[in-house]
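Note sheet for the following structure.
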Amino acid sequence: MNTRPSLFSLTFSLPLLIWQLAFFLFPLAFLVALSFWTVRNFQMQPDFDTVNWVKIYSRSVFWDAYFRTLLLASASAVLISLTAFPASYAISFKLGENAKRWMIFVLIIPFFTSYLVRVYSLQVFLSDAGILNAFLGYLGLGPYSMLNNSFGTLTGYATLCLPLVILLQVFSLNFVNRDLVEAAHNMRCGRLRTVLEVIIPSAKAGLVIAGLFAFILSFGDFVSPLYLGGGNPPTLSIMITDITKSGQQWPRAAVVALTMIATLLTVAFAAIKFAYREAGK
């Protein structure tokens, strides 16, 4: 069997290669080089000095922001995945084909609007005198502080990620073998046991990838931590903005950005390895 790639396949894969080189590898290489430059009199000098790495990694404020960002992104991925699964399960196993298509269309609608606009609208709902606290007031509850804290940030993350996670989970659950589910019911497995021992293991790869997308989008998000979380204490994305405003320190901002990229790549490879690992290995 001939396994050598043909000229036809190489030709059609060329645009992808060019895209990766132009928009990922070249900018990444420039970012690495930039992290070793220095700033003198508010002007960048193309030196080769590790001072930026030493300065950033020796500051406790960086590590506080790093672990805060990591914790918020991890909590976002877990909470959004758990919240999305009941909806994904209902769409995949309880709805007919026509209703399923309509639900997928409804999930796509939020992507027609700006994420920033949605975050601004959440401020109206979550403020101390907002719609949600007004409703809770009629019930004799609140007011509760929902802005400028982690709750506001996680709510913004959910606005960004939840529709996408549901869609990815639905696509994954659609490939679950219905015969296995039927066999579990015939063996008198309860609904919860069937979900835990048949459906989730069968759709593990897609479910993990959906959670990974939630983590990646949350880890790099700037809008929700700033406008719903208050921006203080900062996440890494906010720290990058603050550093660039402080004496044009783009090289130090590059160090933070490269740390974020390294973290995301590490988490992505670990998640993919776990998603496609066979049981018992």
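Structure data summary
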quantity: Cα principal axis extents for the chain, largest first, Å; calculated: 75, 74, 37
quantity: Region 165-202 versus region 128-144: alpha-carbon centroid distance in Å; calculated: 40 Å
quantity: Convex hull of region 154-281 built on C-alpha atoms - directionally averaged projected area, nm²; calculated: 10.0 nm²
quantity: Karplus-derived 3J(HN,Hα), 6.51/-1.76/1.60, for each residue of region 117-132, Hz, glycine and proline x; calculated: 5, 5, 5, 4, 5, 5, 4, 5, 6, 9, 5, 4, 9, x, 5, 5
quantity: Residue of Ala184, Ala203, Ala87 that the Gaussian network model of the chain assigns the largest fluctuation, springs spanning Cα pairs under 10 Å; calculated: Ala184
quantity: Residues whose placed amide H lies under 5 Å from that of Val39, excluding near-sequence neighbours; calculated: Gln45
quantity: Computed log₁₀ I(q)/I(0) - Debye formula, equal Cα scatterers, no solvent, region 164-219, q 0.14, 0.15, 0.28, 0.29 Å⁻¹; calculated: -0.41, -0.46, -1.03, -1.07
quantity: Computed [θ] at 222 nm, deg cm²/dmol, the chain (DSSP H ≥ 4; -39,500 (n - 2.57); rounded to nearest 500); calculated: -21500 deg cm²/dmol
quantity: Residue-count net charge about Leu160 - beta-carbon cut-off 10 Å; Lys, Arg +1, Asp, Glu -1; calculated: 0
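Where a number appears in this text, it was derived from the coordinates with a stated rule and is not lab data. Here the structure is a predicted model, which means the values were calculated and not measured. Because the Cβ atoms are built from the backbone with ideal geometry, glycine has one as well, and the counts that use them run over all protein chains shown.
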